[in-house]
Amino acid sequence: MRPLHQSLMKTLPSERDIIKAGQRAWAARKGLAIDADGYCSCADDNVFRGLSLGARLDFENGDGAELGKNGRRGKIQALHSSSALACNWFDYWRGRDLGPLSGAFGVPVPFSTLVLEQKFPTGLGGIGPNLDALLTRADESVFAIESKFAEPYTKSKAKTFLESKYLPDDRSLWTGRGLPGCQAVTEALRTGQHEFEVLDVAQLHKHMLALARRFGDQSSLCCLWFEVPGAVADRHRHELTDFAGLIGTDAARFSALTYQELFVRMVPFVGQDDSGYIAYLRNRYVSEAGVS
């Protein structure tokens, strides 16, 4: 495996700093109280118009302790939370016409329902994958979203590591679920014969396995990530393209898009009634993160 280039390693903290600085600047303009770690005093302060009842129930039923546990602050209170980012982007559409999202993602069959923080067991025990958003189409097929905010800008060996339960001797876990391309990449992860450096390929694999177990070939996964222009983002985009190429026909169930790209795609589909929501996304996530 080719090591992460030294110059790239040196840029890793800066992208996270850009994200955190942008979010702190937004909080300051809003007059929000945040602690030294960049956490709001409550989840409602970190979400457009506060958590809806549906969102609160979704997070309470998830495995991620997003709302806190045993008196501890919730993960979603962090300004840099990828769950908060997904909630701010998608929960607005709960109970509304999902046409703008269908148009923005370019899906052939329109979305009909939306939920957040959905867990799907792999059948292998332990805590199963939790998807940040799940959009169901009228034909009952599903479009799952894995949200990434600061995560692509952190190096971790866990991103290319699969636990032994995902590597049975018969080497058919993904193939048995109709994902032979993912099985091939699993073998590359098993042997270390790959060039992934920043993409959380292990997590994508687990999500695709869990979705296939629940929905068969009527599911697709979208890696929706936040781009801070630079070498690391370029590498992440390149590895997403490589991943889609390596999994072959399985790529029909996978896509990737940046939040900024989604914003540009979505704006033409929204109406005047959505202007407050669009302004919130633009001011918080698009303009203030160094993206024009």
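What follows draws every value from the coordinates through simple rules; no lab data is involved. Here the structure is a predicted model, which is why all the values come from computation and not from measurement. Positions of Cβ are backbone-derived with ideal geometry, glycine not excepted, and every protein chain shown enters the neighbour counts.
Here are some notes:
- Hz values of 3J(HN,Hα) by residue in region 120-135 - Karplus curve (6.51, -1.76, 1.60), Gly and Pro given as x: 9, x, 8, x, 10, x, x, 7, x, x, 10, 8, 5, 8, 9, 10
- Straight-line reach from residue 20: taking Cα to Cα under 16 Å and skipping same-chain neighbours fewer than 8 places apart, the lysines in range are 30, 75, 148.
- Debye equation applied to the C-alpha atoms of the chain, log10 I(q)/I(0) at 0.11 Å⁻¹: -0.66
- The GluC sites (Glu not before Pro) of region 120-163 that meet both conditions, a loop assignment by DSSP and at most 12 other Cβ atoms within 10 Å of the site Cβ, are 140, 163.
- Between 0 and 90°, nearest 10: helix 201-215 axis offset from the chain longest Cα axis: 90 degrees
- Database remark: amide H of residue 113 closer than 5 angstrom to the amide H of 136 (H placed geometrically; neighbours at sequence offset of 5 or more, or on other chains; Pro and chain starts carry no H).
- Across region 219-224, computed HN-Hα scalar couplings (Karplus, 6.51 cos²θ - 1.76 cosθ + 1.60, θ = phi - 60°) run 9, 9, 10, 10, 8, 9 Hz from first to last residue, x flagging Gly and Pro.
- Degrees between helix 180-191 axis and first principal axis of the chain (Cα, 0 to 90, nearest 10): 80 degrees
- Loop trypsin sites (Lys or Arg not before Pro), region 115-189 (other Cβ atoms within 10 Å of the site Cβ: 15 or fewer; DSSP): 155, 171
- Relative contact order of region 154-292, defined on C-alpha pairs under 8 angstrom at six or more residues apart (%): 24 percent
- Isotropic mean projected area of the C-alpha convex hull, region 115-257 (nm²): 8.3 nm²
- For residue 42, nonlocal amide neighbours, meaning residues 5 or more places apart or on other chains whose placed amide H falls under 5 Å from its own, do not occur.
- Phi-based couplings in Hz for region 83-99 (Karplus 6.51, -1.76, 1.60; Gly and Pro marked x): 5, 5, 4, 5, 5, 4, 7, 9, 5, 3, 8, 4, x, 9, 5, 8, x
- Proximal lysines to residue 165, defined as alpha-carbon separation beneath 25 angstrom and excluding residues fewer than eight positions away on the same chain: 119, 155, 157, 206
- Amide H within-cut-off set for residue 258, under 5 Å, with H built and near neighbours excluded: 225
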